[in-house]
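Take a look at the structure below.
The values are calculated or read from the model by the stated rules, or taken from the named source; none is laboratory data. Note that this is a predicted model, so its numbers are computed, not measured. Methodologically, a virtual Cβ is constructed for each residue, glycine included, from the backbone with ideal geometry; neighbour enumeration extends over all protein chains shown.
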Protein chains: 2
Amino acid sequence: MKKKTRVNIYDVAEEAGFSISTVSRALNDDARISAKTKVKVKAAARRLGFQKNAIATSLSTNQSKVIGVLVSELNRGFLSSLVHTLEDTAFAMGYSVIICQTNNSHEREKTYMDTLIASRVAGIIATLSLETDSYEHFEKAKEQGIKVVLVDRVSPKIKSTTKIVIDDYQTAFEGTQHIIGQGYDKIAYVSGPTKQLLYADRLRGFEQALKVAGLPLNPEWIEYSDDLSYEEGTRIAKKILSRKDKPNAIFTANNLAAISTIAYARQIGIRVPEDLGVIGFSEEPFSAFMQPSVTSIRQPSTEMGKLAVQKLVEEINADPGESYIHQKIILDTELIPRESTNRLCKR
Amino acid sequence: MKKKTRVNIYDVAEEAGFSISTVSRALNDDARISAKTKVKVKAAARRLGFQKNAIATSLSTNQSKVIGVLVSELNRGFLSSLVHTLEDTAFAMGYSVIICQTNNSHEREKTYMDTLIASRVAGIIATLSLETDSYEHFEKAKEQGIKVVLVDRVSPKIKSTTKIVIDDYQTAFEGTQHIIGQGYDKIAYVSGPTKQLLYADRLRGFEQALKVAGLPLNPEWIEYSDDLSYEEGTRIAKKILSRKDKPNAIFTANNLAAISTIAYARQIGIRVPEDLGVIGFSEEPFSAFMQPSVTSIRQPSTEMGKLAVQKLVEEINADPGESYIHQKIILDTELIPRESTNRLCKR
DNA sequence: AAAAGTTGTACAAGCGCTTGCATAAGTAAA
DNA sequence: TTTACTTATGCAAGCGCTTGTACAACTTTT
């Protein structure tokens, strides 16, 4: 039958001359075990190279020190930075992190949810995939006692869950005000798909800022893209900039599109920021390194990541007796003015 | 005492009217169970919403479907792309991935190794941290029967381990030849710390290419940096470009330094690529988007990631009877010529 | 019809740890 | 010295699953 491969507490117990329960308690620093015994047990464990089997502990205690992270893709600036922080914070709090990339597939999101439930993770931190429009799998996890925290891409349909977001409306509003403040008055907007709450909010914020400033809202200057890729950015910039009535600034709902917009503009001889101001949502690592550098809006990925883990662990450790209060936390964004909208004070 | 929280195979057994062993075998599609029984058992499981406890399985079988990934940091282009692929491939092969960022700390690498051993992962894919100079923790993992695959940053001191790398010497050699081919003849080099094998190899390749081409190797044109950050790149560019005898091309051992070199050069009125050619190692997502776009060397992160997982799983599933043959796999890199070295054919 | 195979299913031990409870040893109070 | 507490340790059950082996109930062979 099975053979035990590694050193276990039975071996330690024998080596130390105590029972396994004493060994277990000693290793877990249980108050009932005397200091002397603990020293002996730990010495024996060290001598034997004992390494506690986390699996067995997990089975026995019915809980694990693992957090599942559901995220669409890792190789995007914001998300990789978010996951970086998630992992770092989790490590500091004694948790490991299982990464699950959904590739924006609802199906895969559900599959992963099952895996995570089967692995009995302590909690899940998730950014909804673009496709996701039903949420039973989240209910399922919660029924199984797995705590969930939602970050960035959330849905009001998932109830009783901590959510950590930015105020997309307000942020877009302020971004627009920044451009206006730089003296641009004919502003175009490149949006993502508005069925995603987040893009709809951003667009609303943009429109509201124009209205408040008394600027015209030209429907021709609002364009939509499904993926806001570099190529899409170029395509849309071409479209917008070939109109008779050209805008003198463009606000794009992500940063990649901003970059391709700038590249295209310069290519056809439009100077940035002199003739055209460009601002993008979502800071990317390269935003600062471009020529000109790109004004953009930093989403606080570090703060979001930290908070997500902290809140999750807080809920995991919450007294099951009293009901935990779920918060929706809205974090501040930061506008980073750079050259691409710097029309006023030349350097 | 403990209370069982979720549906287990006992419940399923009762519901289906079989013993738990039959249920277990039925759910695992064991050949000894009749088709009829399987159908009944699976139906019962579905009715009850049964979800197998992976922890218990793991304890029982002494193996898990989890791969640990040790990596210095997630928010770097190459690594985030590598991890992206690792996760994707692992998922396709039925494995989950635990991410462990070492932040280039040897200490943390060791801590994580212990965690991974305690979690009884099936295997580990690792990129050595910059600091790492002793390797007992890898031996420890292997003693515990955990398979290891090393990627990119490897060490000859770790024996009997599959390694997946690029040929740094050859790649630097070819990169240098590219610059020479573009008509640059006074070439400087910005190296990382040469105690890292990889940086030493790159430097050798560079030097060899100069020698072969009969070009001078000016020691003043070789500079070293510990971290090759953006700021370091600027500092070194400043140093190199302020010499009386200026080079007309610079090869940097990563891409970030290349970008800051270009930025600095342009700032002081040196035209790229006309007056100065710049080429960088390690493609970053922004390399293509810069003005001018940056010639660089793509490390095949996707291929490396795929291979790493495949080889690891292959070894995990290898017959323990016969000895597994560890390979060192060297993958081709790809030089991506862009504007920053395009001195010959102007567009 | 008896012997020898085939199935198909159940029993029970085991994976390595935690933990409620019992018990033994040590100490303070009566 | 006995009783009443503490304090320290051990016993054994249990977490949910896998799996070697035993054993029925059928088939097939001779």
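At-a-glance table
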item	result
Failed condition for residue A:80, given (1) facing chain B (nearest Cβ under 8 Å); (2) within 13 Å of DNA strand C (Cβ to nearest atom)	(2)
Single match in A:33, A:20 (criterion: of a type in the set (Val, Ile, Thr), within 8 Å of DNA strand C (Cβ to nearest atom) and either more than 13 Å from every other protein chain (Cβ to nearest Cβ) or more than 19 Å from residue B:115 (Cα to Cα) (or both))	A:20
Matching residues, the stretch B:83-102, being at the interface with chain A (Cβ under 7 Å from one of its Cβ atoms), under 21 Å from residue A:114 (Cα atoms), in contact with a helix residue (DSSP H, G or I) (Cβ under 8 Å, 6 or more places away or on another chain) and in a helix (DSSP H, G or I)	B:84, B:88
Qualifying residue in the stretch A:28-38 (condition: on the phi < 0 side of the Ramachandran plot, surrounded by 22 or more Cβ atoms within 10 Å (Cβ to Cβ) and not small (Gly, Ala, Ser))	no
In the stretch A:45-75, residue nearest to the other protein chains (Cβ to nearest Cβ) [restricted to those that are away from DNA strand D (no atom under 16 Å from the Cβ) and without any contact (Cβ under 8 Å) to a residue 12 or more places away in the chain]	A:75
Selection within the stretch B:263-290 - free of Cβ contacts under 8 Å to residues at least 24 places away in the same chain and within 13 Å of chain A (Cβ to nearest Cβ)	B:266, B:267, B:271, B:289
Any pair with Cβ under 6 angstrom, 6 or more apart, that starts in the stretch A:26-37 at a residue that is more than 7 Å from DNA strand D (Cβ to nearest atom) and ends at one that is not hydrophobic (A, V, I, L, M, F, W, C)	A:26/A:37; A:26/A:38
Of all residues making up the stretch B:282-304, the number that are basic (Lys, Arg) and at pLDDT 95 or above	0
Residue list for the stretch B:149-193, restricted to those being in a strand (DSSP E or B) and touching a residue at least 60 places away in the same chain (Cβ under 8 Å)	B:149, B:151, B:162, B:163, B:164, B:165, B:166, B:187, B:188, B:189, B:190, B:191
Output for the stretch B:2-25, where each listed residue is more than 26 Å from residue A:141 (Cβ to Cβ) and either touching a residue at least 40 places away in the same chain (Cβ under 8 Å) or assigned to a loop (DSSP other than H, G, I, E, B) (or both)	B:17, B:18, B:19
Test: residue A:112 is within 9 Å of chain B (Cβ to nearest Cβ) and touching a strand residue (DSSP E or B) at 6+ places or on another chain (Cβ under 6 Å)	yes
Residue A:53 vs. criteria under 23 Å from residue B:56 (Cβ atoms) and either buried (at least 16 other Cβ atoms within 10 Å of the Cβ) or of a type in the set (A, V, I, L, M, F, W, C) (or both)	yes
Residue A:41 vs. criteria more than 30 Å from the chain's Cα centre (by Cα), buried (at least 17 other Cβ atoms within 10 Å of the Cβ), more than 8 Å from DNA strand D (Cβ to nearest atom) and outside the structural domain of residue A:153 (by the TED database)	yes
Residue check, residue A:105 under 30 Å from residue A:20 (Cα atoms), at pLDDT below 95 and either crowded, with 21+ Cβ neighbours inside 10 Å or not assigned by the TED database to the domain that holds residue A:283 (or both)	no
Residue within the stretch A:82-95 that is within 16 Å of DNA strand D (Cβ to nearest atom) and in contact (Cβ under 8 Å) with a residue 24 or more places away in the chain present	no
Condition check for residue B:217: within 16 Å of residue B:247 (Cα to Cα) and surrounded by fewer than 17 Cβ atoms within 10 Å (Cβ to Cβ)	yes
Which listed residue is within 13 Å of chain B (Cβ to nearest Cβ) and within 18 Å of the chain's Cα centre (by Cα), from A:155, A:105, A:129	A:105
Residue that is within 23 Å of residue A:174 (Cβ to Cβ), surrounded by 18 or more Cβ atoms within 10 Å (Cβ to Cβ) and modelled with pLDDT of 95 or more, where the choices are A:307, A:312	A:307
Qualifying residues in the stretch A:250-267 (those that are modelled with pLDDT of 95 or more and of a type outside the set (S, T, N, Q)) - the one surrounded by the most Cβ atoms within 10 Å (Cβ to Cβ)	A:251
Positions within the stretch A:6-17 being surrounded by fewer than 17 Cβ atoms within 10 Å (Cβ to Cβ), near DNA strand C (Cβ under 10 Å from one of its atoms) and at pLDDT 90 or above, in sequence order	A:10
Residue check for residue B:125: more than 16 Å from DNA strand D (Cβ to nearest atom) and closer than 30 Å to residue B:9 by Cβ	no
Filtered residue count, the stretch A:6-25, keeping only those that are acidic (Asp, Glu) and within 12 Å of DNA strand D (Cβ to nearest atom)	1
Selection status of residue A:168, buried (at least 23 other Cβ atoms within 10 Å of the Cβ) and closer than 16 Å to residue A:228 by Cβ	yes
Pick from the stretch A:291-303, criterion under 20 Å from residue A:175 (Cα atoms), under 19 Å from the mean Cα position of the chain (by Cα) and of a type outside the set (Lys, Arg), ranking: nearest to the other protein chains (Cβ to nearest Cβ)	A:301
